[in-house]
Every structure is written in structure tokens, then in C-alpha cells.
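Shown next, in C-alpha cells, is the structure this report addresses.
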Amino acid sequence: MPTTVLPLPTPTPAVNNGPGVIRTYTGKLVDVRALRPEDICIEDIAHALANTCRWGGHTFHFYSVAQHCCEMAEQAKLRGHTASQCLSVLMHDASEAYIGDIPKPIKRLLPEYRTLEEAVVAAIDAHFGLDVSPEACQIAHTLDAQQLQIEWQRLMLSESYCDMHPAAGERDFLRLYHEFSNATQS
């Protein structure tokens, strides 16, 4: 049976919005160099993080930044931290939705990236009213360090870990976001 060759779509010119401007999942054009709280969207964050692989993609199985954040937030919840603190833990890597995930050893070599990251984090914190207290930051830092060790064992040294489809990671991230943000508003 012969196969039908479909015509290629007519190419459209690439949109040149200038350096630093990206199109998000929801269609917003945002300048990451001057990100404002009103530019931030939870759906953009959940979708982008669910489609971004941790460890620069050098894992035996796909493991998204969203899944990493969800596992940390679930740990924070199990340890009895407040909903506000759990929300801050969930959102600790949200900046990567706008500027990408760069493995820590490389990130340390890029001072301009770190400056940009700080500004993006500030816009996200302001948009969601995240708990940026020293206690909340320490909780996220501690859980992140522990999660790093867990991930090293099951993602880098083992081929037996079962990966999660990005759509499931996105769904779980949004579920936890709504759970924690609704609890903080009660």
C-alpha cells in the first residue's frame, strides 16, 4: 500500500522579539530580563517544569523538575510544615520555567545567570506572595539537599526507577499548588 506524503506547512517568519523575550506555554511574550509579577502564570510554570528534565537530562529515565518539586513539597507536608512553607518548597525551582534548568556545577560558572535567576525568583515570590522567611528558605534548602542525594541514588546510579510522564508531573504540580495556596488563604 503506498503511503501518502503530506505537504509541508508554509513556513512563517520567526518572530524576533529581541534578546531575553520568550513565548510561554500560555502564549505570553515575556522579557525574562525584566520579568514582572503580572507576567507570572502558574500554568506556564507547571507545564514548563513538567517538561524540563533534571540533571541536564543525564539520567537513566526522564525525571522532571516538576516531579522533583512535588516530591519535596510532599516531604515538607509529611514533616508537618505549614501550607505556606510547603508552597514555598513547591515553588523553589519555579524560576527554571522561565530561564531553564542548568546543573548546579555549571550554574556556579555563570554569574550573570545567577543574577537573572535572583530577579526572576523575586518576581515569582511577589506574584504568589511566597514565604521568603529565613525559616522557609532553610526548609527548602535542607529538603533540596536531601532530595539531591535521593535522586543521585535512584536516577544516576540505578536503572530501575520508573519515570513519570510530563502530563502527570504537570497535573501533580498544579494539584499541590492549589492544595497549598487554598490552605494558606483559609
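The values are calculated or read from the model by the stated rules, or taken from the named source; none is laboratory data. Quick caveat, the model's predicted, so the values are computed rather than measured. Heads up, the Cβs are rebuilt from the backbone with ideal geometry, glycines too, and the neighbour counts pull from every protein chain shown.
Side notes on the structure shown:
- Candidates in segment 55-64 are the residues that are surrounded by fewer than 24 Cβ atoms within 10 Å (Cβ to Cβ) and not aromatic (Phe, Trp, Tyr); of these, the one that is nearest to ALA126 (Cα to Cα) is GLY56.
- Looking across segment 101-154, just one residue is in contact with a helix residue (DSSP H, G or I) (Cβ under 8 Å, 6 or more places away or on another chain) and of a type in the set (Ser, Thr, Tyr), and that is TYR113.
- The lone criterion from (1) out of contact with any Lys or Arg (no Cβ under 7 Å at 6 or more places or on another chain); (2) closer than 17 Å to GLN147 by Cβ left unmet by ASP101 is number (1).
- Restricting attention to segment 92-105 and to residues that are in contact (Cβ under 8 Å) with a residue 40 or more places away in the chain and outside any loop (DSSP other than H, G, I, E, B), the residue that is surrounded by the most Cβ atoms within 10 Å (Cβ to Cβ) turns out to be ALA97.
- Checking GLY169, GLY129 one by one, the residue that is out of contact with any Gly (no Cβ under 9 Å at 6 or more places or on another chain) and closer than 18 Å to HIS81 by Cβ is GLY129 and no other.
- Qualifying residue in segment 170-180 (condition: touching a residue at least 12 places away in the same chain (Cβ under 8 Å), within 30 Å of PRO19 (Cβ to Cβ), in contact with a Cys (Cβ under 7 Å, 6 or more places away or on another chain) and in a helix (DSSP H, G or I)): yes
- Scanning segment 149-169 for residues that are charged (D, E, K, R), touching a residue at least 12 places away in the same chain (Cβ under 8 Å) and surrounded by 16 or more Cβ atoms within 10 Å (Cβ to Cβ) returns GLU151, ASP163.
- Residues in segment 10-38 that are surrounded by 13 or more Cβ atoms within 10 Å (Cβ to Cβ) and over 11 Å from TYR98 (Cα atoms) were compared, and the one that is modelled with the highest pLDDT is PRO37.
- Residues that are within 16 Å of the chain's Cα centre (by Cα) and without any contact (Cβ under 8 Å) to a residue 40 or more places away in the chain do occur in segment 141-148, at least one of them.
- Here segment 129-169 is the region considered, the condition is being assigned to a helix (DSSP H, G or I) and small (Gly, Ala, Ser), and the residue that is farthest from CYS41 (Cα to Cα) is ALA145.
- Exactly one residue out of THR115, THR59 is in a loop (DSSP other than H, G, I, E, B) and of a type in the set (S, T, N, Q), and it is THR59.
- Subset tally (residues that are within 22 Å of ASP44 (Cα to Cα) and either crowded, with 23+ Cβ neighbours inside 10 Å or in contact with a Cys (Cβ under 6 Å, 6 or more places away or on another chain) (or both)) for segment 73-91: 8
- Answer residue from segment 106-122, given it is at pLDDT below 95 and under 20 Å from SER64 (Cβ atoms) and is surrounded by the most Cβ atoms within 10 Å (Cβ to Cβ) among those: LYS107
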